[in-house]
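The next block holds one structure in the form of structure tokens; read it before the comments.
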Amino acid sequence: MKSEQTTDIELALCTRIKQVLGSSLHIRHVDAGSCNGCDFEMMALCNPVYDIQRFGIDFVASPRHADMLLVTGGVTRHLEMALEKTYAAAAAPKMVVAVGSCACGGGVCGQTYANAGGVDKIVPVDVFVPGCPPRPSAILEGILLALDKLDGSRSAVR
Amino acid sequence: MNQLSKKQLVARLLQSFGKKMLSSRPVQEHETELVIDKADLPEVCRTLVQEKKGRLFTMVGNDERELSGHFALYYVFAFDQLQHLITVKTLLEEADPVFPSISAQIPAANWYEREVKDLLGLRALGHPDRRPLILHGDWPEDQYPLRKDFSAALPVSRQPDRGTSMQYSGRDVTEIPVGPIHAGIIEPGHFRFGAVGDTVLHLDAKLFYTHRGLEKSAEGLPLTKALFTAERICGVCALSHAVAFAQAVEAAAQLTPPPRALYLRSLFLELERLYNHIGDLGNLCAGFGFAVGVSHGSRLREQLQQLNEELAGHRYLRGVIQLGGLRLDVTPAELSRLLTVLEQVEADFDELMDIILSHDIALDRMATTGVLSLQQANDLEVVGVAARASGRAVDIRRSHPYAAYGQLDVPLVQYTQGDVLARFKVRAEEVKTSLQIIRQIVCQIPAGAIWAPVPEIQPYTRAMGWAESPRGEVCHWLMVGPEQTVFRYRIRSAAYSNWPAVPLTVPGNIVPDFPLINKSFELCYSCCDR
């Protein structure tokens, strides 16, 4: 199975996590109304092929333990409050990565009575990862870009 | 069965309704529609299900005020022996949009009837559960999104929440609320357990958090564009939905795609089943903390999704289907590469099944857990893996063949215990039958075109398409509007049919078994919520 294409990103990730967060990066996933395609690609990051745990990245159960939120879906009416509460509960510096076309701008669902039309309509977003769904390696790159932004604009409070 | 005798059988079936039947007409080759007065709904539907052994296939509410001045309800029943569908249609006055509920006699109708209340304001009188379903408690009670005069783009205010979840009280009963945001990477739903100690007394599932209004936003779209919506109803059932939608359009246009296209559709549908079933079997092991199973399952799934990407350019097989056929062909070299990869996957899969099914703890956790009885499965018209694990023989590839399944040998996998282990085994054996089907396809696939142009469809033609997704049958009901657009699109997924069954299987089990039971059904939320 192919893995060579992600090597550069992997190396950079390891280095950046150590630089800006000290040791590890904890992520909370929020499904804000996705079709589950992005969610499954995120789950694939944990499979033995991508195995993101080897970089010190882990998906955690509570936003209170999380440095970063990966949000999928265009934020449905029924999940707006859940997203707001999860964002409020996340630990600073609260990096937010919008994963997938729906999260980036509503996708095919657009802006309707049931759908807000993008994560940034509800909470601030640091990095947008387009794709329907984005491949696991694209999500990895999005995580890395968010870490890059962390250095300049916000400081990691540890 | 030849066409003549089928015609006679259908006619005989309808005879018993006598004067209740105001009119009847054939819709597609496989469907007859009868119109009745709404007062006769309960009796006609009860006769069709309980005496004539039909099963509720889908139910659709439609705002046809601009066509006939009425709202319309369509109850569709499938007769598997006859390979025929019978639609019971009734009209509701705009001034009096109520109808007698059939849910007390036909429990499978419960959600459908609540849904037409939420989305169209058509109220089922005597319905046993008057809580809203699709729209949650803060939705204004007089706004109905699927009415044509409701504009999808206008924001709708929030009301104080009417509180639609069940509340538990009483000595020693603990209420455990979970979700909508869960601990793992899973879709959102709210589960409320009433537990006594470790044992679950009752479970209430509140879903439809991912309701995106897809049916409304599809209205008015050109059919070719609505295909993109169909592919995005669900990530992991994307291809099944795309095929079902394409078939609905093709049925409306009375078009049969070229034989090669039909074979290729079956090929990709089985590839979708394979990566899902193998991934789901691995993931099921997470329900009892068996990391070896999870890792191997997800590795094999990844291998299959990389194969999808190689063949179709997409890990979830989006962009494969087009109306009238397929967008892409598969070369002989790709087919032989496909067989090589599947051989490797099969060897690893067999080894994995040996590991799991010879592990005492795995067996102990799965056997007798989360039992769905045959009676419950029949009453709720459960479909797919869950139905077949409870001894209910439904597989729409066999009963109403589509794509190339009529030319293929599709064995029925069936167990009777209805527990987590039975659902595990059904999936495991279906992996093997999928592999067999793929090998048949590779041997038999004819040469030729992979696409035919779709003829123009008369406005307000309606048709249905269906497919056996990895989770069970999906049914797409379509009414075409003017200029080849969508007038009404009702998506009934396997998850929609099966979700009401999940809470029934939990009482009597311990709370920590819920994730395992839930994973054994492995239902999508997005498919269900739309």
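Where a number appears in this text, it was derived from the coordinates with a stated rule and is not lab data. It should be emphasised that the depicted structure is a prediction, and the values quoted were computed from it without experimental measurement. In this analysis, Cβ positions are derived from the backbone assuming ideal geometry, glycine residues included, and neighbour counts consider all displayed protein chains.
Name the residue from A:G131, B:S358, B:G418 whose Cα lies farthest towards the positive end of the charge dipole of the protein assembly as shown, charges +1 on Cβ of Lys and Arg and -1 on Cβ of Asp and Glu.
B:G418
For segment B:3-125, what is the charge dipole size about the Cα centre, in debye to the nearest 20, if Lys and Arg each add +1 at the Cβ and Asp and Glu each add -1 at the Cβ?
Around 600 debye, computed over segment B:3-125.
Beyond 32 Å, what share of the Cα-Cα pairs of chain B is found? Please give it as a whole percent.
Beyond 32 Å sits 43 percent of the P(r) for chain B.
Looking only at segment A:4-153, where both bridge partners belong to it, what percent of the DSSP beta bridges are antiparallel (to the nearest 5)?
The answer is about 5 percent antiparallel.
Enumerate cysteines in chain B without a disulfide-compatible partner, where compatibility requires another Cys Cβ under 4.7 angstrom.
That list is B:C45, B:C285, B:C443, B:C475, B:C528.
Just to confirm the filter: which chymotrypsin sites (Phe, Trp or Tyr not before Pro) across segment B:415-489 are DSSP coil and have at most 16 other Cβ within 10 angstrom of their Cβ?
For chymotrypsin sites (Phe, Trp or Tyr not before Pro) across segment B:415-489 that sit outside H, G, I, E and B with at most 16 neighbouring Cβ atoms in 10 Å, the list reads B:Y460.
How much space per residue, in cubic angstrom, does the convex hull of the C-alpha atoms of segment B:214-529 take up?
114
If you line up the Cα atoms of the protein assembly as shown on their principal axes, what length do they span on each, largest first, in Å?
Principal extents (Cα only, largest first): 80, 61, 53 Å.
Shielding of B:134-142 by partners, i.e. mean partner chain Cβ atoms within 10 Å per residue?
Counting other chains' Cβ atoms within 10 Å and averaging over B:134-142 gives 2.
With the dipole of segment B:214-529 worked out from charges on the C-beta (+1 for Lys and Arg, -1 for Asp and Glu) around the Cα centre, which of B:A261, B:M479, B:P507 lies farthest toward the positive end?
B:M479
Across peptide A:78-87, what mean number of C-beta atoms from other chains lies inside 10 Å of a residue's C-beta?
4
Using the basic label-point model (7 angstrom from Cα toward the beta carbon), what is the B:K53 to B:Q105 distance in nanometres?
Output for this residue pair reads 2.0 nm.
Please quote Rg/Rh for segment B:8-89 to two decimal places, taking the Kirkwood radius as Rh and restricting both calculations to Cα atoms.
A ratio of 0.95.
Relative contact order for chain B using alpha-carbon pairs under 8 Å, separation at least 6, rounded to a whole percent?
Across chain B, relative contact order equals 16 percent.
Most exposed first by the Cβ proxy, i.e. fewest other Cβ within 10 Å, how do A:F59, B:F77 rank?
Ranked by crowding around the Cβ, least crowded first: A:F59, B:F77.
Over 25 Å between Cα atoms, which of B:K19/B:K89; B:K6/B:K225; B:K148/B:K225; B:K225/B:K519 qualify?
Beyond 25 Å: B:K6/B:K225; B:K225/B:K519.
What 222 nm value per residue comes from the helices of chain A, counting each DSSP H run with n ≥ 4 as -39,500 (n - 2.57) and dividing by all residues, nearest 500 deg cm²/dmol?
-11000 deg cm²/dmol, from helical runs alone.
When DSSP assigns beta bridges and you keep just the ones with both residues in the protein assembly as shown, what percent turn out antiparallel, to the nearest 5?
If we restrict to bridges inside the protein assembly as shown, about 70 percent are antiparallel.
Restrict the search to segment B:276-322; then list the GluC sites (Glu not before Pro) that DSSP places in a loop and that have at most 15 other Cβ atoms within 10 Å of their Cβ.
none
Please list, in chain and number order, the residues 5+ apart from A:N115 or on another chain whose amide H is under 5 Å from its amide H, with Hs placed from the backbone.
Here A:R77 satisfy the definition.
By Kyte-Doolittle mean hydropathy of at least 0.0 and Cα axial length of at least 18 Å, which whole DSSP H helices of chain A are selected?
Qualifying helices, which must be both long enough and hydrophobic enough, are A:7-21, A:136-153.
Mean residue ellipticity at 222 nm from the helices of chain B, using -39,500 (n - 2.57) per DSSP H segment of n ≥ 4 over the full residue count, to the nearest 500 deg cm²/dmol?
Rounded to the nearest 500, the figure is -11500 deg cm²/dmol.
When Cβ neighbours within 10 Å are restricted to other protein chains, what is their mean count per residue of peptide B:309-319?
Across the residues of B:309-319, the mean count of other-chain Cβ atoms within 10 Å is 2.
Lys/Arg Cβ at +1, Asp/Glu Cβ at -1, dipole of segment A:4-153 taken about the Cα centre: which of A:P63, A:Y50, A:S23 is farthest positive-ward?
Farthest along the dipole direction, towards plus: A:P63.
What does the charge dipole of segment A:59-143 about its Cα centre add up to, to the nearest 20 debye, if the Cβ of each Lys and Arg holds +1 and the Cβ of each Asp and Glu holds -1?
Value, rounded to 20: 160 debye.
Compute, for chain B, the length of the dipole vector about the Cα centre, with Cβ point charges of +1 (Lys, Arg) and -1 (Asp, Glu) only. Units Debye, rounded to 20.
880
Compare the peptides B:405-411, B:116-122 by average per-residue count of other Cβ atoms within 10 angstrom and give them in order, highest first.
In decreasing order of mean packing, B:405-411, B:116-122 become B:116-122, B:405-411.
So what's the convex hull volume per residue for the Cα atoms of segment B:52-206, in Å³?
195
Based on other C-beta atoms within 10 Å, arrange B:C443, A:C104, B:C528 from fewest to most.
The order, fewest Cβ neighbours first, is B:C443, A:C104, B:C528.
With a cap of 12 neighbouring Cβ atoms within 10 Å, and only residues DSSP puts in a loop, list the GluC sites (Glu not before Pro) found in segment B:442-529.
The qualifying sites are B:E456, B:E483.
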